[in-house]
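Presented below is the structure to which this report refers.
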Amino acid sequence: MSARLVIEGLNAGYGKKTVVNGVDLVVEPGEIVTVLGHNGAGKTTLLRGIFGLIRLKSGKVGFDGRDITGRSPSDNILDGVALVPQGHGIFRSLTVQQNLELGGFSVTDKAVIAERIARVFGLFPILEERHRQIGGTLSGGQQQMLAIGMALMSGPRLLILDEPSIGLAPLLVERVMDSIREINAELGTTILLVEQNLKQGLAVANRAIVLNRGTKLYDGSPAELADEGRLIAMF
Amino acid sequence: MDLFAQLLVNGLGNGSRYALLGLGFGLIFGTTRIVHFAYGPIYAVAAYAAWLAASAAGLPLAISAAIGVAGAALAGAAVYGLAYRPFEARGMSSHSVLILSLALSIVLDSLLTLAFTPSVQTIPEFTAPIFILGPVYVTALQLGQIAAVVAVAAILTLFLRRTRYGQAILALGDNRDMARIVGIDTDRISLVVFAIGSAVSAIAAVFTLLNEGATPTMGFNPVFIAFVVAVVGGLGSIPGAIAGGYLVGLVESLGLWKIPTEWQNSIAFVLLFLVMLVRPQGLFSGLKR
């Protein structure tokens, strides 16, 4: 079986500035891979480059054996890649139901949309209770659940999450991380997760990557990285 | 009292035209965040397309009006695709796009003057029936404008709430980045929004053609009125644009009762100033389309 995601020599940035510098990465089907790093290490740029939100300066992105380098987000969604952006990626003026329907914008079959909404409600029952509520009026944790639910609406094989714990209370962070494990275990979705919360990011991962100033510093076991001395050396 | 009633009727007629202008402008700005000053010349394009169809080709009025609307939709989409979009794709700031929009407006006005001369073009055989209702005169055009607002608002509301494209437009107006992330082709949706917004303004333009005739600069005032209406009502809100349109139309018309006519063009901007002071987000901001 081919790897789910293969990144070779990815260079990306904004204008003349290169933020991610020659990163190689392989993610196998069913894995949860956490990308760690300081602010400005290039984590978000890496994800946006993979998903096609920014143009790569060079490098290749492969998904399930196909070259998806430079493809648009709408094409990537159709292929089976979804992104949960940083900072509650929802439509704040629309209802929970409308947000979920828009999450499934690439899906034309109404029965499939209904089935996936039911699945999201199964995963996050609070969203069903509040399906008529305007997204921007939900609590931070509920907005994050909605953002994850929206990404699941396209039925992705690879789910990319950019700091889903940011700004959440510790209990809610646990709930979000549990839902990531659940999505991975029950739906078989491969997860590429960027996290600043080291403890939670390492606890949920099968493998950890550390980025520093746009280059890959570590790629291996989360348990080894969790060793205090090593963490101090890395950060 | 008779004068007041007549000014009220006139205000409702003008307000309907302003509401249409505000609906189109608000839809474009609320969705794409482009301050589309070239909306004015596109408005004039609609009037000239209808005028050519009716006068040169001798087509029936309804078909000529439809040609005006279609012409504006095409011109609006072309302006986005050929002018604004390339600027956006290069990552130009919204200020640069604003300057482009002003420049485009001036160039298109000049092209219209070259093509049609500055003279007023009218449809000679057309006269609107007039009805006498007690102390006031009501023209068929005024009634038509009110009916047009009702029809356009109903169609737009259904389109935005019930169709896939409508949902995509709402999404784009809320958060452009997220719209791309869920797989919406934001360029295509922007193009559609420019076509629809221009088509809505074209309905007002056809009424102006029938009422006053067409001139190359006939869109100059309407673009500012559209801006005032959309901002006063709350950008991107359908009820807001309608309320804003009627408010501006009525205040402008009733203002003539006590204020000298030379102030008429300033009334809308005084209203804008007052609303901005009291409710900067617009009267209907926060209400959904």
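The table below gives the values:
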| read-out | value |
| --- | --- |
| Residues of type lysines that residue A:43 reaches as a straight line, Cα spacing below 28 Å, ignoring anything fewer than 8 places off in the same chain | A:16, A:17, A:57, A:60, A:199, A:216 |
| Ranked by how many other beta carbons lie within 10 Å on average, peptides A:28-39, B:42-53 from highest | B:42-53, A:28-39 |
| For residues of A:98-106, the mean tally of beta carbons on other chains within 10 Å | 5 |
| Nearest-0.05 FRET efficiency for residue A:8 and residue B:151, computed from C-beta distance (R0 51 Å) | 0.35 |
| Euclidean distance between Cα centres, region A:176-199 to region A:56-102, Å | 17 |
| Estimated distance in nm for a label pair at residue A:174 and residue B:188, the labels positioned 7 Å out from Cα along Cα-to-Cβ | 4.6 |
| Volume of the Cα convex hull of region A:158-220, divided per residue and given in Å³ | 87 |
| Estimated distance in nm for a label pair at residue B:126 and residue A:67, the labels positioned 7 Å out from Cα along Cα-to-Cβ | 5.7 |
| Other protein chain Cβ atoms within 10 Å, averaged over every residue that makes up B:171-180 | 6 |
| Residue B:99/residue B:254 FRET efficiency (R0 41 Å; Cβ-Cβ; nearest 0.05) | 0.65 |
| Relative contact order (%) - criterion: Cα under 8 Å, at least six apart; region: chain A | 27 |
| For peptides B:177-190, A:138-151, B:157-170, B:233-246, sequence by mean Cβ density within 10 Å, most packed first | B:233-246, A:138-151, B:177-190, B:157-170 |
| FRET efficiency, residue B:62 to residue B:113 (Cβ-Cβ, R0 35 Å, nearest 0.05) | 0.75 |
| Calculated diffusion of the protein assembly as shown, Stokes-Einstein form, Kirkwood radius summed over Cα pairs, 4 °C and 1.567 mPa s, µm²/s | 51 |
| Spin-label proximity, residue A:223 to region A:185-207 - amide N less than 15 Å from point 7 Å beyond Cα toward beta carbon | A:202-207 |
| Rel. contact order, % - alpha carbon contacts under 8 angstrom, at least six apart, chain B | 38 |
| Average beta carbon contacts from partner chains per residue of A:70-77, 10 Å cutoff | 4 |
| Virtual spin-label span in nm between residue B:33 and residue A:212, 7 Å along Cα→Cβ | 3.6 |
| Mean ellipticity per residue at 222 nm, deg cm²/dmol - from DSSP H runs of n ≥ 4 across chain A, formula -39500 (n - 2.57) | -11500 deg cm²/dmol |
| Region A:106-179: relative contact order in percent, alpha carbon pairs under 8 Å with at least 6 residues between | 32 |
| Cα-based equivalent ellipsoid of region B:2-278: semi-axis lengths in Å, sorted from largest, via gyration tensor | 30, 22, 18 |
| Helix A:110-123 vs. chain A, principal-axis angle (Cα, 0 to 90°, nearest 10) | 70 |
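Every number here is computed from the coordinates shown, using simple stated rules; none is lab data. Everything quoted here is computed from the prediction, not taken from an experiment. FYI the Cβ positions are ideal-geometry reconstructions off the backbone, even for glycines, and counts take in every protein chain you see.
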